[in-house]
Amino acid sequence: MRRGFTLIELAIVLILVGIVIAVTLPLVFTTFQQKKIAQTEEELKDMKDLIITYYTVNDSLPAAGSGYSVPYQALQIPQKYTRDPIRGIPFLYYADRGNPSDSIYVDGTSIGSIGAVLISAGVNGKFDGENATPSDGRFQSQGSGDFDDILVYISELELTATGAGGGGTTCTSFTLVLTNRSSANIWIKSVPSTTINCTRIRRNRTSTFTNIPPGDEIYIFNSSTLCSWGIAELYKFSLSSVNQGNDCKVCVIWNGVSISADTCVSP
């Protein structure tokens, strides 16, 4: 005859389960939080590149939106990209558009008479320290206590180094010619504009895409589902980083691991 568990045995099992949950849940939460922080840092870097591209095209920085918000319409991006992935708090954007009497200071150091900062409020959901008063043009990237803001800045030197406003060929849009030389089909997406929205390229085929905004990055996926969700990309690259000519046409080959430059053949 089989006997059931005694109350003592059940109590021991429940204690063990409680210990496992108590140990596991904080780890799961921390891992999820770290992923969101990394995603926020990546989005801030992408936004920085887009603002520099805007400056290159227009010879001026875009003005901030209401409440020092990211000017998504000027940057031609969906409004959802103006909020950080951590808490959904709008990014703070402050720009000094070239007034010689003003300057932005980050951690007490001037970044020039023209520049900008982008800030996430971090996990605590509030702008800390000097970042809480953007009107004075003074900001900080680190602090004590519960300070957890994430800040990136664009200095006058960076804008000068890009050749912004210096003439030459400026791409207001790109044409992408992508050849898939891998052994499997791929799906590609342009972010943030979604001008290319999870288009399949069969193996050993070439596809051409036009009117892609210069600030976009190209994401490569191995399935349409992952592409539509925007996760687990195989590879990503910015068009401006691989543009080799003066015709704003980017030709690349995907080999299953990375991309390489291809010769653009004139029609």
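The values are calculated or read from the model by the stated rules, or taken from the named source; none is laboratory data. All values reported here derive from a predicted model rather than from experimental measurement. Virtual Cβ from ideal backbone geometry, glycine too; neighbours counted across all protein chains shown.
Would you pick out the residues in the range 68-111 that are β-branched (Val, Ile, Thr) and loosely packed, with under 15 Cβ neighbours inside 10 Å? Before the answer, list the steps.
Applying the first criterion (β-branched (Val, Ile, Thr)) to the range 68-111 yields 70, 77, 82, 86, 89, 104, 106, 109, 111.
Hit for the range 68-111 is THR109, nothing else.
Give the range 32-71 a look and list any residue that's farther than 30 Å from ALA232 by Cα and in contact (Cβ under 8 Å) with a residue 24 or more places away in the chain, or say none. Before you say what the answer is, go through the steps one by one.
Within the range 32-71, the first condition is being farther than 30 Å from ALA232 by Cα, and the residues that meet it are 55-68.
Correct list: TYR55, THR56, VAL57, ASP59, SER60, LEU61, PRO62, ALA63, ALA64, GLY65, TYR68.
Considering only residues that are farther than 17 Å from SER110 by Cα, modelled with pLDDT of 90 or more and either in contact with a Pro (Cβ under 9 Å, 6 or more places away or on another chain) or not charged (D, E, K, R) (or both), which ones fall in the range 144-174?
Those that are farther than 17 Å from SER110 by Cα, modelled with pLDDT of 90 or more and either in contact with a Pro (Cβ under 9 Å, 6 or more places away or on another chain) or not charged (D, E, K, R) (or both): PHE147, ILE150.
Could you tell me which of the residues THR56, THR31 is of a type outside the set (A, V, I, L, M, F, W, C), part of a helix (DSSP H, G or I), exposed (fewer than 12 other Cβ atoms within 10 Å of the Cβ) and at pLDDT below 85?
Testing whether each residue is of a type outside the set (A, V, I, L, M, F, W, C), part of a helix (DSSP H, G or I), exposed (fewer than 12 other Cβ atoms within 10 Å of the Cβ) and at pLDDT below 85 leaves just THR31.
Can ALA95 be described as touching a residue at least 60 places away in the same chain (Cβ under 8 Å) and part of a strand (DSSP E or B)?
No: the conditions fail for ALA95.
For the range 193-216, indicate whether the set of residues that are without any contact (Cβ under 8 Å) to a residue 40 or more places away in the chain, in contact with an Asp or Glu (Cβ under 7 Å, 6 or more places away or on another chain) and within 21 Å of ALA38 (Cβ to Cβ) is non-empty.
No, the range 193-216 contains no residue that is without any contact (Cβ under 8 Å) to a residue 40 or more places away in the chain, in contact with an Asp or Glu (Cβ under 7 Å, 6 or more places away or on another chain) and within 21 Å of ALA38 (Cβ to Cβ).
Of all residues in the range 80-139 being in contact with a strand residue (DSSP E or B) (Cβ under 8 Å, 6 or more places away or on another chain) and basic (Lys, Arg), which is farthest from ILE37 (Cα to Cα)?
ARG97
ALA184 - would you say it is outside any strand (DSSP E or B), surrounded by fewer than 15 Cβ atoms within 10 Å (Cβ to Cβ) and touching a helix residue (DSSP H, G or I) at 6+ places or on another chain (Cβ under 9 Å)?
Working: outside any strand (DSSP E or B): yes; surrounded by fewer than 15 Cβ atoms within 10 Å (Cβ to Cβ): yes; touching a helix residue (DSSP H, G or I) at 6+ places or on another chain (Cβ under 9 Å): no.
So ALA184 does not fit the description; no.
Pick from GLY143, GLY112: which is in a loop (DSSP other than H, G, I, E, B) and without any contact (Cβ under 8 Å) to a residue 40 or more places away in the chain?
Among GLY143, GLY112, only GLY143 is in a loop (DSSP other than H, G, I, E, B) and without any contact (Cβ under 8 Å) to a residue 40 or more places away in the chain.
Check GLY143 against each of (1) farther than 24 Å from PRO214 by Cβ; (2) out of contact with any helix residue (DSSP H, G or I) (no Cβ under 7 Å at 6 or more places or on another chain) and name the one condition it does not meet.
With (1) farther than 24 Å from PRO214 by Cβ; (2) out of contact with any helix residue (DSSP H, G or I) (no Cβ under 7 Å at 6 or more places or on another chain) applied to GLY143, the lone miss is (2).
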